[in-house]
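Trainee: Before I ask anything, here is the structure I am working with.
The values are calculated or read from the model by the stated rules, or taken from the named source; none is laboratory data. No experiment lies behind these values; they were computed from the predicted model shown. Virtual Cβ from ideal backbone geometry, glycine too; neighbours counted across all protein chains shown. Just so you know, the surface numbers come from the protein's heavy atoms only, side chains and all, with ligands and any DNA or RNA stripped out. Shrake-Rupley method; radii C 1.70, N 1.55, O 1.52, S 1.80 Å.
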Amino acid sequence: MAQTFEGIMKYPAADKEMAGKAMEEAVRIVRADLGEFTEKFPSSNSFGGFYEATDNVEWTTGFWTGVLWLAYEHTKDEAFKEAALIQVDSFLERIKNKIDVNHHDMGFLFSLSCVAAYKLTGSQAGKEAALMAADHLAERYRENGKFLQAWGNVGEASEYRLIIDCLLNLPILYWASEVTGKKHYARMAENHIKTAMKCVLREDDSTYHTYFIDMETGQPAYGVTHQGNRNNSAWARGQAWGIYGIALSYYYLRDESYIDLFCRVTDFFIRHLPDDLIPYWDFDFDTGSTEPRDSSAAAIAVCGMLEMAKYLDEEHAKKYTDMAYRIMAALIDRCANKDVKQSNGILLHGTYARDSKDNTCKNRGVDECNTWGDYFYMEALTRILTDWKMYW
Ligand code: GLY
């Protein structure tokens, strides 16, 4: 059943007291995990509720370092800062040695770990690593089509596509332009978001997950899903990446045309939420479905709404803040882990990937915690509690 904004206003909203308690609970879990995840990182998703320890690989390790920075900012406890700085050294080694970085996720990895370290502590290792990551990401920019190629070897025909998630990898490029004074990083990011939104946004305001670009002409070719239920469905997390990604590019570029894009993508997300406001992993599924949820999509969307609300007129700012606070109350109530014996994660009920007949995924992290869900949930709490200065 479609939601209305008026209908959602009847739900309870998070407030500072509720968010404060939830933050304390989250920090308690982070503290309990610190011993296991300082030299090592938590796996992308939990298994039976528990993250395993991994090396600094995949696209997800930066989220845990980001969690440590958020815990440090909240508590001022040096133990979190020290652990985060140990991880920053690991990121510097990773980018110097090009370990598992043949993809576009330099923003997810290096903004929340290394840019954060530089912004919070002046860490030169953080700055060096993040600038190297920005250079590495810039190598994926394809002038023919004006986009950042997501996966695979650059310039390969079978991999010549962009994905909506990449909007969260753009801030490291904007930041690199600010820090170095070199404009080419920001130019690539701006060109990418223009191309991406032209491709992925459908007439009904839902989004494609991935979109191929014709290698001959540089023109948009066709959209397919990777993690959604169908090529033409709206993968919940993809829609959420759209919400927050547009808000982040607006922050850096102040391009007024992004306001309409933001409202369209966000309104689709809100209108398609099920009765308890925790999205299923794809918007093909609605209230009463037995399909799993993706709590991380809700947390990402909340961060995007709270960021964009800063720049909107009063009426729209209130609307999206009201929606964000209600989704947040639902997350705190239904998805926050309140028992370290049940899980070493912070936000339960995420879905990394769910196999369907039309997508190319295997089930992974279904109804589990994932590190980005934990991170965005804590970022959302931080946004409710403070006038937070972004790591992005
Ligand atoms: N960016 C990959 C994912 O959201 O699963």
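Trainee: With every protein chain kept in the model, how would you rank Y251, Y244, Y222 by accessible area, 1.4 Å probe, largest at the top?
Mentor: Y222, Y251, Y244
Trainee: Give the separation of the Cα centroids, the range 64-120 to the range 172-221, in Å.
Mentor: Rounded to whole Å, the Cα centres lie 25 Å apart.
Trainee: Right, here's the next one. Rounded to a whole number, what % of the accessible area of the range 1-131 do carbon and sulfur atoms account for, probe 1.4 Å?
Mentor: 55
Trainee: To continue, here is another question. Can you send over the solvent-accessible area of R364, 1.4 Å probe, protein chains only, in Å² to the nearest 10?
Mentor: It works out to around 90 Å².
Trainee: Does the range 1-150 come out rounded, prolate or oblate by the C-alpha gyration tensor, with a ≥ b ≥ c the root eigenvalues, rounded set by a/c under 1.5 and, if not, prolate when a/b is larger than b/c and oblate if not?
Mentor: oblate
Trainee: Answer rounded, prolate or oblate for the range 218-261, using the Cα gyration tensor with square roots of eigenvalues a ≥ b ≥ c: rounded when a/c is under 1.5, else prolate when a/b is larger than b/c, else oblate.
Mentor: oblate
Trainee: As a test question: what accessible area, to the nearest 10 Å², does T321 have when a 1.4 Å probe is rolled over all protein chains in place?
Mentor: Rounded to the nearest 10, that gives 40 Å².
Trainee: Report, in debye and to the nearest 20, how large the dipole of the chain comes out about its Cα centre when Lys and Arg carry +1 and Asp and Glu carry -1 on their Cβ.
Mentor: So the dipole magnitude of the chain works out to roughly 460 debye.
Trainee: In square angstrom, what is the accessible area per residue of the range 110-208 with a 1.4 angstrom probe?
Mentor: 35
Trainee: Additional query: Take the cross-link list K119/K183; K127/K183; K40/K127; K96/K194; K96/K362; K127/K198 and give me the ones stretching past 28 Å between alpha-carbons.
Mentor: Those over the limit are K96/K194; K96/K362; K127/K198.
Trainee: Once a ≥ b ≥ c are taken as the square roots of the eigenvalues of the Cα gyration tensor of the range 213-360, is the result rounded (a/c under 1.5), prolate (a/b larger than b/c) or oblate (a/b not larger than b/c)?
Mentor: oblate
Trainee: Per residue, how big is the convex hull of the chain when only Cα atoms are used? Give it in Å³.
Mentor: Hull volume over Cα atoms, normalised by residue count, gives 125 Å³.
Trainee: Return one whole number: the accessible area per residue of the range 1-83 in Å², for a 1.4 Å probe.
Mentor: Ligands and nucleic acids excluded, the result is 47 Å² per residue.
Trainee: E93 accessible area, nearest 10 Å², 1.4 Å probe?
Mentor: Ignoring ligands and nucleic acids, E93 comes out at about 100 Å².
Trainee: In a GNM of the chain with a 10 Å cut-off on Cα contacts, which of S249, S343, S356 has the highest mean-square fluctuation?
Mentor: In this elastic network of the chain, the residue with the biggest mean-square fluctuation among S249, S343, S356 is S356.
Trainee: So, one more: Once you keep just the Cα pairs under 8 angstrom separated by 6 or more residues, what percentage relative contact order results for the range 3-113?
Mentor: 25
Trainee: Would you compute, from DSSP H runs of 4+ residues alone, the mean residue ellipticity of the chain at 222 nm, taking -39500 (n - 2.57) per run and dividing by the full residue count, rounded to the nearest 500?
Mentor: After summing the helix terms and dividing by residue count, I get -15500 deg cm²/dmol.
Trainee: I'd like to check one number: the per residue accessible area of the range 218-354, probe 1.4 Å, reported in Å² as a whole number.
Mentor: For the range 218-354, the per-residue accessible area is 33 Å².
Trainee: If I take every Cα pair under 8 Å that is 6 or more residues apart in the chain, average their sequence separation and divide by the length, what percent do I get for the relative contact order?
Mentor: Taking the mean separation of contacting Cα pairs over the length of the chain, I get 21 percent.
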